[in-house]
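The values are calculated or read from the model by the stated rules, or taken from the named source; none is laboratory data. Only a predicted model underlies this, so the values are computations on that prediction, with no experimental measurement involved. Cβ: placed from backbone, ideal geometry, glycine included. Neighbour counts: every protein chain shown. Protein only, heavy atoms only, side chains kept; ligands, DNA and RNA dropped before computing areas. Shrake-Rupley method; radii C 1.70, N 1.55, O 1.52, S 1.80 Å.
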Amino acid sequence: RGARGVFQEAGQLIRALQDSYDRSNETSGREILEPVLEADVLLLDDVGVSRSTPFTVDTLGLILNERYNAQRLTLVTTNLPPERTEGRECLGDRIGERVASRLCEMCFSVVMEGRDFRRYGKNAGFSS
């Protein structure tokens, strides 16, 4: 259909942006962010996998708000639930409540359950 898509792991994106502030790095933050902001479809993988910092929260907020305002399709994967349950951390604990709220507004959840294939083998939880 001619749509331009970008697959980006969230932690890697944050690290690349932080590295862009190093004076010896020739890539600017804008060069890193532009494809993420402008893609017709963005898949942001593993959101919330690392501890949040103010930089992480601000950056994710910027990306999600810009894409939301431009009405661009954004897919997000995470292993964290949207709400805190049984003492388990939730997405808001890792990316900030404001950013998590924006995600809840702009997305619908597709919950996928199964055994961790990395622990139990690639066919774990799947029957043939």
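Below are the figures for this structure:
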| quantity | calculated |
| --- | --- |
| Any chance Thr59 is in a helix (DSSP H, G or I), open to solvent by less than 20 Å² (accessible area, probe 1.4 Å) and among the hydroxyl-bearing types (Ser, Thr, Tyr) | yes |
| Leading residue by the ranking (modelled with the lowest pLDDT) among those in segment 1-24 that are under 13 Å from Ala39 (Cβ atoms) and of a type outside the set (Phe, Trp, Tyr) | Gly2 |
| Residues (touching a helix residue (DSSP H, G or I) at 6+ places or on another chain (Cβ under 9 Å) and either modelled with pLDDT of 95 or more or not in a helix (DSSP H, G or I) (or both)) located in segment 42-56 | Leu42, Leu44, Asp45, Asp46, Val47, Gly48, Val49, Ser50, Arg51, Ser52, Thr53 |
| Members of segment 80-100 found to be of a type in the set (Lys, Arg) and open to solvent by less than 50 Å² (accessible area, probe 1.4 Å), listed by number | Arg94 |
| Number of the condition not met by Phe117 [criteria: (1) more than 18 Å from the chain's Cα centre (by Cα); (2) exposed (fewer than 12 other Cβ atoms within 10 Å of the Cβ); (3) on the phi < 0 side of the Ramachandran plot] | (2) |
| Which listed residue is in contact (Cβ under 8 Å) with a residue 40 or more places away in the chain and open to solvent by 50 Å² or more (accessible area, probe 1.4 Å), from Arg30, Arg51 | Arg51 |
| Unmet criterion (only one of (1) open to solvent by less than 100 Å² (accessible area, probe 1.4 Å); (2) over 29 Å from Gly2 (Cβ atoms)) for Thr77 | (2) |
| From the options Gln8, Gln71, Gln12, residue that is within 11 Å of the chain's Cα centre (by Cα) and open to solvent by 90 Å² or more (accessible area, probe 1.4 Å) | Gln12 |
| Test for Leu43: is it of a type in the set (A, V, I, L, M, F, W, C), under 15 Å from the mean Cα position of the chain (by Cα), more than 25 Å from Phe108 (Cβ to Cβ) and open to solvent by less than 70 Å² (accessible area, probe 1.4 Å) | no |
| Residue under evaluation Leu64, criteria (1) assigned to a loop (DSSP other than H, G, I, E, B); (2) modelled with pLDDT of 90 or more, criterion not met | (1) |
| Search result, residues across segment 43-74 that are within 30 Å of Gly2 (Cβ to Cβ) and of a type in the set (S, T, N, Q) | Thr59, Asn65, Asn69, Gln71, Thr74 |
